[in-house]
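Okay, structure first, notes after.
The values are calculated or read from the model by the stated rules, or taken from the named source; none is laboratory data. For clarity, every value in this text was computed on a predicted model and none was experimentally measured. Please note that ligands, DNA and RNA were not included when accessible areas were found on the heavy atoms of the full protein model with its side chains. Shrake-Rupley method; radii C 1.70, N 1.55, O 1.52, S 1.80 Å.
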Amino acid sequence: MLMKQSEYIHLVTDRVMTKLKELNRCSVPIGVSNRHVHVSREVYQALFGQDELTKKTDLKQPGQYAANETVSLIGPKGCIERVRILGPFRDETQVEISLTDSFLLGVAGDIRESGDLKETPGITLRGPKGELRISHGVIVAHRHIHMHPIDASRMGVLDKERVSVTIYGERELTFSNVIVRVSPKFALEMHIDVDEANAGRIKNNDIGIVSKT
């Protein structure tokens, strides 16, 4: 028996609505992360001769902010100036760059999770009060998603799980091997670097769709 036109429209509409709900359930805003530095208080004091960072703007992650202060990164092959410091202070200084930056500076582009700094390259930092070489701490940040536990439950994923994220558009792109990081301190946001964003013409607040790998 042939389906009536009204029944067919209802069926298609129902399927479309179901798909839209599924996409909304698994959607994540994108944050494009440019090169930046997290510093310890001791390193900051050596470079700036003062005790406290000064806030420029708040970031999406609670308690995180871009500082007014910037440093220069000095590598064996080149220098990148005016690299923003992000606050608050950390126990250990961490420099996050892109692979393109690593070529310019002449340092290895080790892809690591934030905080995994063992046996990473070092670099020289220059501030208004002088220069300081750190023996390690330069990384290319592994693509990842910050999630509150409520978001993780909604998407059915766990801390440290690896997922795929598709960003639709003119240069549609699927990122695989994306690390999920879950904490009550996090706001939902996927972080990629400038190289990754340029590959897909992705900008801040574009939407990605999470799927299990």
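Details
- With both residues required to sit in the chain, DSSP beta bridges show an antiparallel share near 70%.
- What the stretch 34-112 shows is 50 Å² of accessible area per residue, with the surface traced by a 1.4 Å probe over protein heavy atoms.
- Take every DSSP beta bridge whose two residues both sit in the stretch 88-213; close to 70 percent of them are antiparallel.
- Ratio of Rg to Rh over the stretch 81-175 (Cα coordinates, Kirkwood Rh, two decimals): 1.05
- Flagged links, alpha-carbon separation over 26 Å, of K118/K160; K77/K118; K60/K129; K129/K185: K60/K129; K129/K185
- Contact order normalised by residue count of the chain, Cα under 8 Å, 6+ apart, percent: 24 percent
- Rolling a 1.4 angstrom probe over the chain with all protein chains present gives an accessible area of which 52% lies on carbon and sulfur atoms.
- Value at 222 nm in deg cm²/dmol, rounded to 500, when DSSP H runs of n ≥ 4 in the chain each add -39,500 (n - 2.57): -6500 deg cm²/dmol
- Phi-based couplings in Hz for the stretch 188-195 (Karplus 6.51, -1.76, 1.60; Gly and Pro marked x): 5, 5, 9, 10, 10, 8, 5, 4
- Note on the chain: the alpha carbon radius of gyration divided by the globular reference 2.2 N^0.38 Å gives 1.24.
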